[in-house]
Amino acid sequence: MKVAIGYHVQDGAWGGGNRFAKSLAAGLEARGDRVVYDLRDDDIDVLVLTDPRSRSPNISFAAAACLRYLRRRPEAVVIHRIDKPAGTLRSIALGTLNMLETMRIVGGSIRFCNACCSDCFGNIGGVAAEHESVQPA
């Protein structure tokens, strides 16, 4: 599987986003997956949208680039990382609207799954399945 992580990984101490991208890449590569950090290749299976702020200098692609990629390859999967409980609700609202609009434009049989932290939505005691509801804290 080929995974695109939308982050310019930096050496040194660059915060949680950088640590997340490095750890995710290391885990995927250890599993035998190929990791890229942009959307130039035409055979990417999974796009990891790491931050909704498209103007952040560490972001290599944002929602609009995902939309353009899905028009070329609608079978690709987009995963949106949501971070920081204080900004989570805004991120969820904007990210969900962007993803729903992308799904409307691209069409087809797209499934949307949104997972977030228990700080905002309560702890369900494990991994949520599609049929389970969350309990806000």
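Since every read-out is calculated from the coordinates, none of them should be taken as a lab result. No experiment lies behind these values; they were computed from the predicted model shown. Virtual Cβ from ideal backbone geometry, glycine too; neighbours counted across all protein chains shown.
Brief remarks on what is shown
- Net charge of the neighbourhood of residue 39, taken over other residues with C-beta under 13 Å away and scored Lys/Arg +1, Asp/Glu -1, is +1.
- Taking a sphere under 12 Å around the Cβ of residue 67 and counting the other residues whose Cβ falls inside, with K and R at +1 and D and E at -1, yields a net charge of +4.
- Distance between the 7 Å Cα→Cβ label points at residue 105 and residue 55: 2.0 nm.
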